[in-house]
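Okay, so here's the structure we're looking at.
The values are calculated or read from the model by the stated rules, or taken from the named source; none is laboratory data. None of these values were measured; they are calculated from a predicted model. With ideal geometry, Cβ positions are generated from the backbone for all residues, glycine too; neighbour counts draw on all protein chains shown.
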Amino acid sequence: MFDNLTARLSQTFRKIINKGRLTEDNIKDTIREVRKALLEADVVLSVIKIFINNVKQKSIGHIINKSLTPGQEFIKIVKQELILAMGESNNNLNFSTQPPAIILITGLQGVGKTTSLAKLARFIQNKYKKKILTVSTDIYRAAAIKQLEILSKQINIDFFPSFHYQNPIEITKKSIIYAQKKLYDILLIDTAGRLHINEILMNEIKEIQNLSKPIETILVVDSMMGQDSINMAKIFKNYIDISGIILTKTDSDARGGIALSLKYIIEKPIKFIGTGEKIEQLEIFNPERMANRILGMEDVLSLIENIENKIDKLQVKKLTKKIKLGHNFDLNDFLIQIKQMKKIGGLNYLIEKFSQKNTLSKNKMLNYDENILTKIEAMIFSMTPKERITPNIIKGSRKKRIALGSGTTIQDLNKLLKNFDNVKKMMKKIKTGGISKIMKGIKNILPKK
(Lines give C-alpha, C1' and ligand atoms only; values in the text may rest on other atoms or scores of the structure.)
Protein backbone atom coordinates (compact mmCIF):
# COMPACT_ATOMS: atom_id res chain seq x y z
CA MET A 1 0.00 0.00 0.00
CA PHE A 2 2.84 2.38 0.77
CA ASP A 3 5.20 1.48 -2.08
CA ASN A 4 5.11 4.86 -3.85
CA LEU A 5 5.29 6.87 -0.63
CA THR A 6 8.11 4.66 0.63
CA ALA A 7 10.11 5.10 -2.58
CA ARG A 8 9.76 8.89 -2.50
CA LEU A 9 10.67 9.25 1.17
CA SER A 10 13.59 6.82 0.98
CA GLN A 11 15.09 8.72 -1.94
CA THR A 12 14.60 12.02 -0.12
CA PHE A 13 16.14 10.91 3.17
CA ARG A 14 19.22 9.43 1.53
CA LYS A 15 20.15 12.99 0.59
CA ILE A 16 20.07 14.30 4.14
CA ILE A 17 21.16 11.35 6.25
CA ASN A 18 24.80 12.51 6.42
CA LYS A 19 24.24 16.25 6.82
CA GLY A 20 26.49 17.78 9.45
CA ARG A 21 23.87 20.10 10.94
CA LEU A 22 20.11 20.54 10.83
CA THR A 23 19.33 24.08 9.72
CA GLU A 24 16.33 25.67 8.06
CA ASP A 25 18.25 25.92 4.80
CA ASN A 26 19.47 22.34 4.53
CA ILE A 27 16.15 20.77 5.49
CA LYS A 28 14.01 23.11 3.38
CA ASP A 29 14.31 21.01 0.22
CA THR A 30 13.84 17.80 2.18
CA ILE A 31 10.67 19.07 3.81
CA ARG A 32 9.37 20.21 0.42
CA GLU A 33 9.92 16.69 -0.95
CA VAL A 34 8.22 15.17 2.09
CA ARG A 35 5.21 17.43 1.47
CA LYS A 36 5.05 16.35 -2.18
CA ALA A 37 5.28 12.68 -1.20
CA LEU A 38 2.40 13.07 1.26
CA LEU A 39 0.26 14.87 -1.33
CA GLU A 40 0.88 12.10 -3.86
CA ALA A 41 -0.09 9.56 -1.20
CA ASP A 42 -3.49 11.30 -0.92
CA VAL A 43 -2.99 12.45 2.66
CA VAL A 44 -5.58 15.06 3.65
CA LEU A 45 -4.23 18.60 3.16
CA SER A 46 -4.98 19.74 6.71
CA VAL A 47 -3.06 16.74 8.05
CA ILE A 48 -0.07 17.50 5.81
CA LYS A 49 0.04 21.09 7.07
CA ILE A 50 0.12 20.00 10.72
CA PHE A 51 2.63 17.24 9.99
CA ILE A 52 5.07 19.48 8.11
CA ASN A 53 4.87 22.29 10.70
CA ASN A 54 5.60 19.84 13.50
CA VAL A 55 8.58 18.32 11.68
CA LYS A 56 10.00 21.76 10.90
CA GLN A 57 9.64 23.03 14.47
CA LYS A 58 11.17 19.91 16.00
CA SER A 59 14.05 19.75 13.51
CA ILE A 60 15.45 23.27 13.60
CA GLY A 61 17.59 23.80 16.66
CA HIS A 62 17.01 20.22 17.77
CA ILE A 63 19.55 18.85 20.23
CA ILE A 64 21.27 15.99 18.43
CA ASN A 65 21.77 12.64 20.13
CA LYS A 66 25.57 12.32 20.25
CA SER A 67 25.43 8.78 18.87
CA LEU A 68 23.55 9.81 15.71
CA THR A 69 24.24 12.09 12.78
CA PRO A 70 21.88 15.06 12.36
CA GLY A 71 20.45 13.41 9.26
CA GLN A 72 19.62 10.28 11.21
CA GLU A 73 18.07 12.47 13.90
CA PHE A 74 15.87 14.14 11.26
CA ILE A 75 14.60 10.74 10.11
CA LYS A 76 13.85 9.89 13.72
CA ILE A 77 11.80 13.10 14.06
CA VAL A 78 9.81 12.26 10.91
CA LYS A 79 9.22 8.76 12.22
CA GLN A 80 7.90 10.12 15.52
CA GLU A 81 5.52 12.46 13.68
CA LEU A 82 4.25 9.58 11.54
CA ILE A 83 3.50 7.65 14.72
CA LEU A 84 1.67 10.65 16.19
CA ALA A 85 -0.31 11.08 12.98
CA MET A 86 -1.48 7.46 13.06
CA GLY A 87 -2.04 7.48 16.81
CA GLU A 88 -0.37 5.66 19.63
CA SER A 89 -0.82 1.91 19.69
CA ASN A 90 -4.40 1.35 20.84
CA ASN A 91 -5.54 -2.04 19.62
CA ASN A 92 -6.91 -3.40 22.87
CA LEU A 93 -10.49 -4.59 22.72
CA ASN A 94 -12.63 -3.74 25.71
CA PHE A 95 -14.28 -6.77 27.30
CA SER A 96 -14.79 -5.24 30.75
CA THR A 97 -18.55 -5.55 30.93
CA GLN A 98 -21.21 -8.04 31.98
CA PRO A 99 -21.13 -10.86 29.38
CA PRO A 100 -21.78 -10.92 26.59
CA ALA A 101 -19.48 -8.09 25.53
CA ILE A 102 -21.08 -6.83 22.34
CA ILE A 103 -18.99 -5.70 19.38
CA LEU A 104 -20.82 -3.90 16.59
CA ILE A 105 -19.30 -3.98 13.08
CA THR A 106 -20.34 -1.33 10.57
CA GLY A 107 -19.25 0.26 7.30
CA LEU A 108 -20.13 0.69 3.65
CA GLN A 109 -20.97 -2.28 1.43
CA GLY A 110 -17.96 -3.75 -0.36
CA VAL A 111 -15.32 -2.69 2.17
CA GLY A 112 -14.86 -6.23 3.50
CA LYS A 113 -17.08 -5.73 6.56
CA THR A 114 -18.43 -9.27 6.97
CA THR A 115 -15.05 -10.86 6.27
CA SER A 116 -13.44 -8.48 8.77
CA LEU A 117 -15.97 -9.55 11.40
CA ALA A 118 -14.99 -13.20 10.88
CA LYS A 119 -11.29 -12.31 10.98
CA LEU A 120 -11.84 -10.42 14.23
CA ALA A 121 -13.79 -13.32 15.71
CA ARG A 122 -10.91 -15.67 14.88
CA PHE A 123 -8.39 -13.23 16.38
CA ILE A 124 -10.37 -12.95 19.64
CA GLN A 125 -10.83 -16.69 19.82
CA ASN A 126 -7.12 -17.40 19.35
CA LYS A 127 -5.79 -14.64 21.61
CA TYR A 128 -8.34 -14.44 24.40
CA LYS A 129 -9.92 -17.92 24.29
CA LYS A 130 -13.42 -16.47 24.48
CA LYS A 131 -16.74 -18.15 23.72
CA ILE A 132 -18.03 -16.22 20.71
CA LEU A 133 -21.36 -15.89 18.89
CA THR A 134 -21.84 -14.09 15.56
CA VAL A 135 -25.05 -12.71 14.06
CA SER A 136 -25.96 -10.80 10.92
CA THR A 137 -28.60 -8.05 10.81
CA ASP A 138 -27.97 -7.42 7.11
CA ILE A 139 -31.35 -8.35 5.60
CA TYR A 140 -30.77 -6.21 2.50
CA ARG A 141 -27.80 -7.77 0.70
CA ALA A 142 -28.42 -11.08 -0.98
CA ALA A 143 -26.56 -13.93 0.76
CA ALA A 144 -25.07 -11.60 3.41
CA ILE A 145 -26.42 -13.73 6.25
CA LYS A 146 -25.30 -16.94 4.55
CA GLN A 147 -21.81 -15.50 4.02
CA LEU A 148 -21.35 -14.88 7.74
CA GLU A 149 -22.72 -18.32 8.56
CA ILE A 150 -20.19 -19.99 6.23
CA LEU A 151 -17.29 -17.91 7.54
CA SER A 152 -18.26 -18.64 11.15
CA LYS A 153 -18.36 -22.35 10.43
CA GLN A 154 -14.89 -22.19 8.84
CA ILE A 155 -13.38 -20.86 12.07
CA ASN A 156 -15.49 -23.06 14.39
CA ILE A 157 -17.44 -20.18 15.90
CA ASP A 158 -21.15 -20.34 16.69
CA PHE A 159 -23.58 -18.49 14.45
CA PHE A 160 -27.00 -17.19 15.47
CA PRO A 161 -29.41 -17.76 12.55
CA SER A 162 -31.34 -14.82 11.13
CA PHE A 163 -33.55 -14.38 8.05
CA HIS A 164 -34.13 -11.68 5.46
CA TYR A 165 -37.81 -11.33 6.39
CA GLN A 166 -36.92 -10.37 9.99
CA ASN A 167 -36.43 -6.83 11.28
CA PRO A 168 -32.78 -5.95 12.18
CA ILE A 169 -33.90 -4.69 15.62
CA GLU A 170 -35.73 -7.95 16.25
CA ILE A 171 -32.65 -9.95 15.23
CA THR A 172 -30.50 -7.89 17.57
CA LYS A 173 -32.82 -8.42 20.57
CA LYS A 174 -33.10 -12.17 20.02
CA SER A 175 -29.37 -12.66 19.55
CA ILE A 176 -28.57 -10.79 22.77
CA ILE A 177 -31.09 -12.87 24.76
CA TYR A 178 -29.67 -16.07 23.25
CA ALA A 179 -26.08 -15.03 24.00
CA GLN A 180 -26.98 -14.25 27.60
CA LYS A 181 -28.85 -17.53 28.05
CA LYS A 182 -26.00 -19.63 26.58
CA LEU A 183 -23.31 -17.74 28.50
CA TYR A 184 -21.35 -16.40 25.53
CA ASP A 185 -18.44 -14.08 26.33
CA ILE A 186 -18.63 -12.13 23.06
CA LEU A 187 -21.43 -11.28 20.63
CA LEU A 188 -20.28 -9.93 17.27
CA ILE A 189 -23.07 -8.16 15.36
CA ASP A 190 -22.73 -7.57 11.61
CA THR A 191 -24.80 -4.66 10.33
CA ALA A 192 -26.08 -3.83 6.88
CA GLY A 193 -23.57 -2.37 4.50
CA ARG A 194 -24.67 0.45 2.26
CA LEU A 195 -23.54 1.61 -1.15
CA HIS A 196 -23.76 5.22 -0.04
CA ILE A 197 -24.77 7.18 3.03
CA ASN A 198 -28.47 6.42 3.45
CA GLU A 199 -30.26 8.29 6.25
CA ILE A 200 -32.74 5.46 6.87
CA LEU A 201 -29.98 2.88 7.23
CA MET A 202 -27.85 5.25 9.32
CA ASN A 203 -30.74 5.70 11.73
CA GLU A 204 -31.15 1.93 11.79
CA ILE A 205 -27.54 1.36 12.86
CA LYS A 206 -27.95 4.09 15.46
CA GLU A 207 -31.02 2.29 16.83
CA ILE A 208 -29.13 -1.03 16.93
CA GLN A 209 -26.31 0.66 18.84
CA ASN A 210 -28.72 2.24 21.34
CA LEU A 211 -30.41 -1.12 21.89
CA SER A 212 -27.31 -3.33 22.12
CA LYS A 213 -25.06 -0.86 23.98
CA PRO A 214 -21.88 -2.35 22.46
CA ILE A 215 -18.62 -2.16 24.34
CA GLU A 216 -16.90 -1.66 20.97
CA THR A 217 -18.23 -0.22 17.70
CA ILE A 218 -15.76 -0.91 14.90
CA LEU A 219 -15.92 0.97 11.60
CA VAL A 220 -14.51 -0.97 8.64
CA VAL A 221 -12.76 1.30 6.14
CA ASP A 222 -11.49 0.44 2.65
CA SER A 223 -7.98 1.83 2.13
CA MET A 224 -8.52 1.92 -1.65
CA MET A 225 -11.26 4.55 -1.36
CA GLY A 226 -8.77 7.25 -0.34
CA GLN A 227 -10.27 10.52 0.86
CA ASP A 228 -13.79 9.26 0.13
CA SER A 229 -13.25 6.91 3.08
CA ILE A 230 -12.37 9.89 5.26
CA ASN A 231 -15.60 11.64 4.33
CA MET A 232 -17.57 8.44 4.97
CA ALA A 233 -15.92 7.95 8.36
CA LYS A 234 -16.82 11.50 9.41
CA ILE A 235 -20.50 10.89 8.58
CA PHE A 236 -20.55 7.62 10.53
CA LYS A 237 -18.97 9.43 13.47
CA ASN A 238 -21.79 11.99 13.40
CA TYR A 239 -24.42 9.25 13.70
CA ILE A 240 -22.85 6.72 16.07
CA ASP A 241 -20.10 6.40 18.66
CA ILE A 242 -17.08 4.71 17.04
CA SER A 243 -14.42 3.13 19.24
CA GLY A 244 -11.98 2.03 16.55
CA ILE A 245 -11.27 1.20 12.92
CA ILE A 246 -10.34 -1.82 10.85
CA LEU A 247 -8.50 -0.72 7.71
CA THR A 248 -8.94 -3.27 4.91
CA LYS A 249 -7.10 -4.04 1.65
CA THR A 250 -3.73 -2.76 2.86
CA ASP A 251 -2.13 -5.34 0.57
CA SER A 252 -3.49 -3.42 -2.43
CA ASP A 253 -1.85 -0.66 -4.48
CA ALA A 254 -3.75 2.02 -2.55
CA ARG A 255 -1.71 5.17 -2.02
CA GLY A 256 -1.80 4.86 1.76
CA GLY A 257 -2.73 8.42 2.70
CA ILE A 258 -5.81 7.23 4.54
CA ALA A 259 -3.70 5.53 7.23
CA LEU A 260 -2.05 8.87 7.97
CA SER A 261 -5.29 10.86 7.86
CA LEU A 262 -7.91 8.82 9.73
CA LYS A 263 -6.67 9.37 13.27
CA TYR A 264 -6.26 13.12 12.79
CA ILE A 265 -9.65 13.57 11.16
CA ILE A 266 -12.01 11.39 13.21
CA GLU A 267 -9.86 11.04 16.34
CA LYS A 268 -10.38 7.30 16.62
CA PRO A 269 -7.61 4.68 16.53
CA ILE A 270 -6.95 2.19 13.77
CA LYS A 271 -7.01 -1.05 15.74
CA PHE A 272 -6.50 -3.65 13.02
CA ILE A 273 -5.52 -3.88 9.36
CA GLY A 274 -6.61 -6.47 6.80
CA THR A 275 -3.57 -7.67 4.86
CA GLY A 276 -5.28 -10.07 2.47
CA GLU A 277 -8.45 -12.00 1.73
CA LYS A 278 -7.65 -15.07 3.83
CA ILE A 279 -9.40 -15.38 7.19
CA GLU A 280 -6.11 -15.28 9.11
CA GLN A 281 -4.90 -12.10 7.39
CA LEU A 282 -5.80 -9.60 10.09
CA GLU A 283 -3.01 -7.84 11.96
CA ILE A 284 -2.88 -5.64 15.00
CA PHE A 285 -2.19 -2.11 13.83
CA ASN A 286 1.15 -0.97 15.20
CA PRO A 287 1.85 2.71 14.37
CA GLU A 288 5.59 2.38 14.98
CA ARG A 289 5.94 -0.65 12.71
CA MET A 290 3.82 1.10 10.08
CA ALA A 291 5.99 4.23 10.31
CA ASN A 292 9.09 2.09 9.71
CA ARG A 293 7.37 0.52 6.72
CA ILE A 294 6.34 3.89 5.28
CA LEU A 295 9.86 5.25 5.59
CA GLY A 296 11.20 2.16 3.85
CA MET A 297 14.14 2.33 6.21
CA GLU A 298 13.42 -0.44 8.70
CA ASP A 299 17.10 -1.38 8.72
CA VAL A 300 18.46 2.12 9.27
CA LEU A 301 15.83 2.81 11.94
CA SER A 302 16.52 -0.44 13.75
CA LEU A 303 20.23 0.39 13.61
CA ILE A 304 19.51 3.83 15.11
CA GLU A 305 17.60 2.10 17.89
CA ASN A 306 20.46 -0.33 18.43
CA ILE A 307 22.99 2.50 18.59
CA GLU A 308 20.89 4.36 21.15
CA ASN A 309 20.35 1.28 23.32
CA LYS A 310 23.71 -0.46 23.13
CA ILE A 311 26.44 2.07 22.45
CA ASP A 312 28.34 3.34 25.48
CA LYS A 313 27.65 7.06 25.10
CA LEU A 314 30.38 7.99 27.58
CA GLN A 315 33.00 6.16 25.51
CA VAL A 316 31.75 7.87 22.34
CA LYS A 317 31.97 11.25 24.07
CA LYS A 318 35.52 10.58 25.27
CA LEU A 319 36.67 9.46 21.82
CA THR A 320 35.04 12.44 20.07
CA LYS A 321 36.71 14.82 22.51
CA LYS A 322 40.05 13.10 21.97
CA ILE A 323 39.80 13.43 18.18
CA LYS A 324 38.71 17.09 18.42
CA LEU A 325 41.74 17.86 20.59
CA GLY A 326 43.98 16.38 17.91
CA HIS A 327 45.15 13.44 20.01
CA ASN A 328 46.15 10.30 18.16
CA PHE A 329 43.63 7.52 17.72
CA ASP A 330 45.50 4.46 18.98
CA LEU A 331 44.87 0.73 19.18
CA ASN A 332 43.36 1.07 22.66
CA ASP A 333 40.68 3.29 21.12
CA PHE A 334 40.28 0.86 18.25
CA LEU A 335 39.77 -2.01 20.70
CA ILE A 336 36.95 -0.05 22.36
CA GLN A 337 35.31 0.52 18.97
CA ILE A 338 35.56 -3.19 18.11
CA LYS A 339 33.71 -3.99 21.33
CA GLN A 340 31.06 -1.37 20.50
CA MET A 341 30.64 -2.81 17.02
CA LYS A 342 30.14 -6.30 18.46
CA LYS A 343 27.51 -4.91 20.85
CA ILE A 344 25.49 -3.56 17.93
CA GLY A 345 25.57 -6.87 16.10
CA GLY A 346 28.90 -7.21 14.35
CA LEU A 347 30.48 -6.16 11.09
CA ASN A 348 28.17 -8.00 8.72
CA TYR A 349 25.14 -6.61 10.55
CA LEU A 350 26.34 -3.04 10.00
CA ILE A 351 27.31 -3.62 6.36
CA GLU A 352 23.94 -5.25 5.67
CA LYS A 353 22.03 -2.30 7.16
CA PHE A 354 23.84 0.23 4.99
CA SER A 355 24.09 -1.84 1.84
CA GLN A 356 20.33 -2.30 1.41
CA LYS A 357 18.78 0.27 -0.92
CA ASN A 358 22.13 1.99 -1.09
CA THR A 359 25.00 2.36 -3.51
CA LEU A 360 26.85 -0.47 -1.82
CA SER A 361 26.34 -3.88 -3.38
CA LYS A 362 24.98 -6.23 -0.76
CA ASN A 363 26.23 -9.35 -2.51
CA LYS A 364 29.65 -7.85 -2.94
CA MET A 365 29.94 -6.64 0.63
CA LEU A 366 28.55 -9.49 2.70
CA ASN A 367 31.51 -11.83 2.49
CA TYR A 368 33.46 -10.89 5.58
CA ASP A 369 34.58 -13.38 8.20
CA GLU A 370 32.75 -12.25 11.35
CA ASN A 371 35.52 -13.90 13.43
CA ILE A 372 37.92 -11.18 12.25
CA LEU A 373 36.68 -8.90 15.05
CA THR A 374 37.63 -11.57 17.59
CA LYS A 375 41.01 -11.99 15.87
CA ILE A 376 41.68 -8.25 16.06
CA GLU A 377 40.81 -8.23 19.74
CA ALA A 378 43.21 -11.13 20.32
CA MET A 379 46.03 -9.37 18.44
CA ILE A 380 45.58 -6.13 20.38
CA PHE A 381 45.38 -7.98 23.71
CA SER A 382 48.72 -9.65 22.84
CA MET A 383 50.42 -6.25 22.47
CA THR A 384 52.18 -4.34 25.22
CA PRO A 385 50.69 -0.98 26.39
CA LYS A 386 53.45 0.82 24.49
CA GLU A 387 52.75 -1.12 21.28
CA ARG A 388 49.07 -0.23 21.43
CA ILE A 389 49.84 3.48 21.75
CA THR A 390 52.61 3.51 19.12
CA PRO A 391 51.95 0.61 16.71
CA ASN A 392 54.69 1.80 14.36
CA ILE A 393 57.27 0.16 16.67
CA ILE A 394 55.84 -3.29 15.94
CA LYS A 395 58.52 -4.95 13.82
CA GLY A 396 60.07 -8.43 13.26
CA SER A 397 60.29 -10.16 16.65
CA ARG A 398 57.37 -8.20 18.07
CA LYS A 399 55.18 -9.38 15.19
CA LYS A 400 56.12 -13.01 15.79
CA ARG A 401 55.36 -12.70 19.51
CA ILE A 402 51.97 -11.01 18.92
CA ALA A 403 50.92 -13.50 16.22
CA LEU A 404 51.91 -16.45 18.39
CA GLY A 405 50.20 -15.02 21.46
CA SER A 406 46.95 -14.29 19.60
CA GLY A 407 46.76 -17.50 17.57
CA THR A 408 46.85 -15.51 14.32
CA THR A 409 49.35 -15.14 11.48
CA ILE A 410 51.87 -12.42 10.74
CA GLN A 411 49.84 -11.75 7.57
CA ASP A 412 46.76 -11.00 9.72
CA LEU A 413 48.81 -8.59 11.84
CA ASN A 414 50.33 -6.92 8.79
CA LYS A 415 46.87 -6.35 7.35
CA LEU A 416 45.70 -4.78 10.61
CA LEU A 417 48.72 -2.49 10.90
CA LYS A 418 48.72 -1.56 7.23
CA ASN A 419 45.12 -0.35 7.35
CA PHE A 420 45.23 1.25 10.78
CA ASP A 421 45.78 4.69 9.27
CA ASN A 422 42.57 4.25 7.27
CA VAL A 423 40.74 3.52 10.50
CA LYS A 424 42.07 6.75 12.00
CA LYS A 425 40.83 8.75 9.04
CA MET A 426 37.42 7.16 9.13
CA MET A 427 37.01 7.72 12.86
CA LYS A 428 37.38 11.43 12.19
CA LYS A 429 34.39 11.22 9.83
CA ILE A 430 32.09 10.47 12.75
CA LYS A 431 31.79 14.22 13.31
CA THR A 432 30.98 15.15 9.75
CA GLY A 433 29.81 12.08 7.89
CA GLY A 434 28.33 9.72 10.37
CA ILE A 435 28.62 6.00 10.58
CA SER A 436 27.42 5.39 7.02
CA LYS A 437 30.59 6.97 5.61
CA ILE A 438 32.64 4.75 7.88
CA MET A 439 30.86 1.72 6.50
CA LYS A 440 31.50 2.82 2.92
CA GLY A 441 35.23 2.66 3.62
CA ILE A 442 35.33 -0.32 5.92
CA LYS A 443 35.66 -2.81 3.06
CA ASN A 444 39.32 -1.80 2.71
CA ILE A 445 40.16 -2.44 6.36
CA LEU A 446 39.42 -6.07 7.11
CA PRO A 447 40.40 -9.22 5.24
CA LYS A 448 37.67 -11.14 3.48
CA LYS A 449 37.05 -14.85 3.89
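Kindly indicate whether any position in the stretch 119-132 is among the hydroxyl-bearing types (Ser, Thr, Tyr) and at pLDDT 95 or above. Scanning the stretch 119-132 turns up no residue that is among the hydroxyl-bearing types (Ser, Thr, Tyr) and at pLDDT 95 or above. Do we have any residue at all in the stretch 140-153 that's within 19 Å of Ile246 (Cα to Cα) and charged (D, E, K, R)? Scanning the stretch 140-153 turns up no residue that is within 19 Å of Ile246 (Cα to Cα) and charged (D, E, K, R). Among the criteria (1) assigned to a helix (DSSP H, G or I); (2) out of contact with any Phe, Trp or Tyr (no Cβ under 7 Å at 6 or more places or on another chain); (3) at pLDDT below 70, the one Leu373 does not fulfil is (3). Do we have Lys343 as modelled with pLDDT under 90, outside any helix (DSSP H, G or I), surrounded by 12 or more Cβ atoms within 10 Å (Cβ to Cβ) and of a type in the set (Lys, Arg) here? No.
Looking across the stretch 114-136, the residues that are surrounded by 20 or more Cβ atoms within 10 Å (Cβ to Cβ) and of a type in the set (Ser, Thr, Tyr) come down to Thr114, Thr115, Ser116, Thr134, Ser136. If you take the residues of the stretch 137-153 that are free of Cβ contacts under 8 Å to residues at least 24 places away in the same chain and either surrounded by fewer than 21 Cβ atoms within 10 Å (Cβ to Cβ) or among the charged types (D, E, K, R) (or both), which of them is farthest from Val220 (Cα to Cα)? Among residues in the stretch 137-153 that are free of Cβ contacts under 8 Å to residues at least 24 places away in the same chain and either surrounded by fewer than 21 Cβ atoms within 10 Å (Cβ to Cβ) or among the charged types (D, E, K, R) (or both), the one farthest from Val220 (Cα to Cα) is Lys153. Cβ separations smaller than 6 Å between residues 6+ apart or across chains give no pair from the stretch 60-86 residues that are farther than 20 Å from Pro287 by Cα and in the same structural domain as Glu267 (by TED's automatic domain parsing) to residues that are crowded, with 22+ Cβ neighbours inside 10 Å and at pLDDT 60 or above.
Considering Asn90, Asn65, the condition of being of a type outside the set (Val, Ile, Thr), over 30 Å from Lys237 (Cβ atoms) and at pLDDT below 75 is satisfied by Asn65 alone. When the stretch 154-177 is filtered for residues that are without any contact (Cβ under 8 Å) to a residue 60 or more places away in the chain, of a type outside the set (Asp, Glu) and outside any helix (DSSP H, G or I), the ones remaining, listed by number, are Asn156, Ile157, Phe159, Phe160, Pro161, Ser162, Phe163, His164, Tyr165, Gln166, Asn167.
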